[in-house]
1. Filter the range B:29-58 for residues that are within 30 Å of A:Asp561 (Cα to Cα) and without any contact (Cβ under 8 Å) to a residue 24 or more places away in the chain and give the result.
2. Which condition number in (1) under 21 Å from A:His302 (Cα atoms); (2) within 12 Å of another protein chain (Cβ to nearest Cβ); (3) among the aromatic types (Phe, Trp, Tyr) is the one that A:Phe181 fails?
3. Looking at the range A:523-547 only, could you name the residues that are outside any loop (DSSP other than H, G, I, E, B) and at the interface with another protein chain (Cβ under 9 Å from one of its Cβ atoms)?
4. Out of A:Ala36, A:Ala47, I need the residue that is under 30 Å from A:Val456 (Cβ atoms), surrounded by 16 or more Cβ atoms within 10 Å (Cβ to Cβ) and in contact with a helix residue (DSSP H, G or I) (Cβ under 9 Å, 6 or more places away or on another chain). Which one?
5. Output the residues belonging to the range B:133-161 that are in contact (Cβ under 8 Å) with a residue 24 or more places away in the chain and in contact with a Lys or Arg (Cβ under 7 Å, 6 or more places away or on another chain).
6. Can A:Val167 be described as within 14 Å of chain B (Cβ to nearest Cβ), part of a helix (DSSP H, G or I) and within 25 Å of A:Phe265 (Cβ to Cβ)?
7. For the range A:47-65, what are the residues that are among the aliphatic types (A, V, I, L, M), touching a residue at least 40 places away in the same chain (Cβ under 8 Å), in a helix (DSSP H, G or I) and closer than 18 Å to A:Thr76 by Cβ?
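The values are calculated or read from the model by the stated rules, or taken from the named source; none is laboratory data. Here the structure is a predicted model, which means the values were calculated and not measured. Cβ: placed from backbone, ideal geometry, glycine included. Neighbour counts: every protein chain shown.
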Amino acid sequence: MNRAQLEKTWDDGRGWYCRLSAVNHKTIGKRYIVTAFGFFILGGLMAGLMRLQLAFPRNTIIGPDAYNQIFTMHGTTMMFLFAVPVMEAMGVYLVPLMVGARNICFPRLNAFSYWIYLFGGIFIWVSFLLNSGPDNGWFSYVPLAGPLYGLGRRADVWAQMITFTEVSAMAVAVEILCTSFKMRAPGMSLNRIPIFVWAMIVTSFMVLFAMPAIMIASTSLILDRLVNTHFFDARRGGDALLYQHLFWFFGHPEVYIIFIPGAAFVATIISTFSKRKIFGYMALVLSLVSTGFIGFGLWVHHMLATGIPELGASFFTAASIMIAIPSGTQVFCWIATLWNGDVSVKSPMLFVLGFFVIFIIGGLTGVMLASVPLDLQVHDTYFVVAHFHYVLIGGAVFPLFGALHYWFPKMTGHMLSERRAALSFWLLFIGFNLTFFPMHILGLHGMPRRVYTYPVETGWATLNLLASAGALFMVLGVGTFLINVWHSRRWGAVAGDNPWGAAGLEWATSSPPPHCNFFEPPTVAGRDPLWDNPPDQPVVVGLREDVRDVLITYVLDAEPDHREEFPTPSIWPLLTAITTAGLFVGSIYTPWAVPIGAIPVFITLTGWFWPTGPDDGGTQPWPVTQRTLPKPNEAPAPGGAA
Amino acid sequence: MIQPRTLDVSELAPGGFGHRSILWWGTMGIMLIEGMAFAITIGAYFFLRTRSVYWPPPHVPPPDLRWGTINTLILLVSGIPNELAKKAAEKIDLQKVRLWLVVCIILGAAFNAVRWMEFAALNVRWDQYAYGSITWFLLGLHTTHIVTDFLDTGVLTVLMFTGPIEEKRFVDVSENSYYWYFVVLAWLPIYGVIYWAPRLL
C-alpha cells in the first residue's frame with residue numbers, strides 16, 4: 001500500500017480555487033460547524049440585545065419595530081441557521097468516520113448543500129442590516145405575515161431563507177442516509193451501528209418527512225403575498241389555520257430533529273467516560289426510532305389555543321404525554337450505564353451532567369404544557385419561553401458543547417484545556433438557570449412573550465433584571481469556550497489517536513484524520529469496534545489508490561457488494577449554488593425570476609453532471625471476469641468480516 | 001505485533017444496479033421528499049375543501065376532463081419505453097438505450113405540451129378563490145416535476161449519443177427510469193384530486 005499515493009488521490013488541494021471546489025466531508029463538515037457557530041453567536045447577540053432592553057421596565061434602548069425584528073432574527077437564526085445545520089454538520093463530519101468510510105455519499109451534493117446554506121444565512125442577515133429583517137416571529141404566522149399586514153419584503157425574506165436552509169438540510173439528510181446504509185465497514189450489521197449514526201438516520205428520515213411541509217407553507221405564504229393566491233385568506237375560502245398546521249407539522253418534528261442527535265451525543269459520551277458498553281443498546285435505538293414516529297403526532301399541541309375540536313386536543317395531549325416514554329427509557333439507560341461504570345468526569349461529561357439537570361426540568365414543564373387547561377393559561381407567556389429554552393438548550397446545546405469537547409481532539413489533533421472547559425461549563429450552567437428559571441415565574445405572573453417593554457407596576461422588574469444578569473454569564477461562558485478553542489487548536493496538548501480510550505471507529509485513525517480517513521479501511525467484529533475487535537481483525541485491501549475508490553456494502557449485514565469510484569473536487573456545486581441563490585432571491589421581487597432564473601440553474605446543473613472525460617470521475621479497466629454489473633438479486637460477493 | 005488479516009475487495013465489480021447502487025438510495029430519498037410534498041399538498045387541498053360550502057365555488061365549473069385525461073394516458077404509455085430503456089441499460093445495450101430514451105423524450109415533450117392545455121382548461125384562475133390557488137399549486141407542483149424529468153432525461157439522452165460513455169452511465173439511465181416512474185405514478189392521485197374531487201365531493 002502506497003500511503004503517499006493514496007493521500008495524493010484524496011487530497012482536495014490548496015489555493016483558493018481548490019478551496020471553493022473542495023468535497024471532502026471533513027472540510028465541509030468543519031465549515032458547516034464554524035458557520036453554524038457564527039450564526040449561533042449572531043443569534044446570541046440578538047438575545048443579549050433583548051435582555052438589555054428588558055432589564056428595566058419602560059426601557060427605551062430598542063424601539064418596538066427593531067425589537068420585533070430582533071426577536072424574529074434570534075429565533076429564526078437559532079432554529080434554521082444554527083440548531084439544525086450544526087447537528088447535520090456533526091453528522092457530515094462524524095458519520096463517514098464512524099462507519100469507516102472514506103468520504104460521505106454524494107460529496108459534491110454535500111458541497112452544494114453547504115454553499116446554499118451559507119448563502120441563505122447571508123441573505124437574511126444582510127436583509128436585516130438593511131432594515132428588511134423579518135418581524136413576525138420565527139414561525140411567521142398569517143395573517144400578520146400575509147399580504148394585508150406584512151408590509152415590505154420582510155416576510156418574503158423569511159420565506160425564501162426557509163427555502164435555502166431546507167434545500168440544504170434535505171440534501172444532507174439524503175447523503176447521511178446513503179452513507180449509513182451503503183458505506184458501512186464490513187461487519188457493521190444494523191445491530192452494530194453506533195448510536196450516533198442511528199440517531200442521524202432517524203433525524204434524516206424526520207427531515208425528509210417534515211421539511212416538505214415547511215417548504216409548502218413558506219411557498220404558499222410567498223404566493224399569497226406576491227401573486228395574490230388565497231391559501232390563507234378567509235375572505236376567499238382560505239384559512240389561516242392551514243398555515244399553522246403546515247408549519248407545526250414541520251415545527252414539532254424539528255424539535256426532535258435537534259434533540260435526537262443531542263441524545264446520541266449523551267449516550268456516546270456516557271459510554272466512553274463510564275468505560276463500559278452502553279446499557280440497553282436495543283432499547284435506546286428503539287427509543288430513538290419511536291421518538292421519530294411519535295414526534296409527528298404532536299404538532300397540534302402548539303395550536304391548542306386556536307379552538308380546535310376537543311377530541312383532537314385530547315388526542316394530541318395523549319401523544320404529547322406518550323413521548324415521555326421513549327425519552328424516559330433513554331434516561332434510565334443512561335443512568336444504568338453510569339450506575340456501575342467507572343465514571344471519570346472530564347469536560348464532555350460535565351456538559352452531559354448539566355444536560356441531565358436542565359433537560360429533565362424542561363421535560364417536566366413539557367408534560368405540564370401538554371395538558372390543555374394549563375396550556376391555555378400560560379399560552380404565549382414567558383412560561384413557554386422558559387420551557388422551550390430548557391428543552392432546546394438543555395437537550396441540544398449542552399450535549400453539543402459536550403460533543404465539541406469530546407471530538408475536538410479528533411478534529412484538530414489537540415486537547416481542549418480542561419480548566420477553561422470547566423470554567424465555561426459553570427458560567428454557562430449558572431448563567432442559563434439564572435436567565436431562564438425566573439422566566440417560569442414571570443410567565444405564571446402573566447408576562448407575555450414578544451413585548452418590547454413592560455410597565456413598572458407589573459412587578460416583573462426584579463426577575464427580568466435577574467434574567468438579564470444571567471445572560472451576561474452565558475456570554476462569558478461562550479466567550480471562554482471560544483478562547484479555549486482558539487488557544488487549544490494551536491497550543492493544546494497533542495491528542496493522539498484515541499485520547500479518551502473510546503470505542504468508535506473514528507478513534508481508529510489519526511487525529512486529525514488523513515484525507516482518505518483510513519489508510520486501511522477497517523472491518524468490525526462488534527458494536528464497539530475498538531473494544532471488541534480482536535488484534536488481527538481484517539482490514540480492507542484491494543481498493544485502487546490512483547482513483548477515489550470506495551467500498552459499497554449491503555444494507556442489512558454490510559457484506560462487501562461492489563466498489564464505486566467517488567467524484568473529485570469540482571467548482572460546479574458552488575456555481576449551481578450561486579445560480580440557485582439568484583433564482584430564490586430574484587423570486588421575491590418578480591415571479592419571472594423563476595422561469596428565467598431556471599435557465600442558469602439548468603446550465604450549471606448540466607455542467608455539474610456532465611463527465612469531463614472517461615478518466616475523470618470516469619471509467620476504470622473492468623475485471624475481465626465481471627464484464628457486467630451485478631443485478632439486484634444476485635448473491636453477494638464472497639467475503640465479509642471474519 | 002500481530003498483523004491484521006486482510007479482506008481483499010479488488011475482484012468486486014466497480015458498480016451495481018438497483019438497490020445495490022448508492023444512486024438508487026439517493027433517488028429513493030428524493031422521491032420520499034417529493035412524495036411527501038405531494039401528500040401534504042393534497043392534504044391541504046382537502047383541508048381547504050372542509051372550509052367551503054361549495055367546491056368548486058359557485059359559477060366555477062370543474063376542470064375540463066379532456067386534456068387531463070389525455071395526458072394521463074400519455075404519461076402511462078411513457079412507462080413502456082421507460083421500462084425498455086431500463087431493461088436495455090441493465091444489459092449495457094447502448095443502441096437500445098439510445099432508441100428508448102429518444103422515445104421517452106418524444107412522449108415527454110408531448111405531455112409537457114398537453115400540460116399547457118390543462119392549465120388553460122382548469123376554468124379557474126389562481127387568484128380567484130382558495131380553490132383556484134390550491135388547484136394551480138397542485139398542478140404546478142407536478143408540472144415542475146415533468147419539466148425537470150424531461151430536461152434531465154434530455155441531458156442524459158444527449159450524453160448517451162455524444163459520450164463519454166462508461167458503464168456507470170448505464171446505472172444513471174436505470175436510476176433515471178425509477179424517477180420517471182415516480183413522476184408518472186404520482187400523477188394518478190393528483191389527477192384524481194384535481195379532476196374528480198370537484199365532481200364527486
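1. B:Gly29, B:Leu32, B:Ile33
2. All conditions pass for A:Phe181, except number (1).
3. Hits for the range A:523-547 are A:Val539, A:Val540, A:Val541.
4. On inspection, the qualifying residue turns out to be A:Ala47.
5. B:Thr143, B:Ile146, B:Met160, B:Phe161
6. So A:Val167 fails the test.
7. Of everything in the range A:47-65, just one residue is among the aliphatic types (A, V, I, L, M), touching a residue at least 40 places away in the same chain (Cβ under 8 Å), in a helix (DSSP H, G or I) and closer than 18 Å to A:Thr76 by Cβ, namely A:Ala47.
Here is a yes/no grid of residues against (1) modelled with pLDDT of 95 or more; (2) under 30 Å from A:Thr509 (Cβ atoms):
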{"position": "A:His379", "(1), (2)": "no, no"}
{"position": "A:Val391", "(1), (2)": "no, no"}
{"position": "A:His405", "(1), (2)": "yes, yes"}
{"position": "A:Leu428", "(1), (2)": "yes, no"}
{"position": "A:Gly431", "(1), (2)": "yes, no"}
{"position": "A:Thr435", "(1), (2)": "yes, no"}
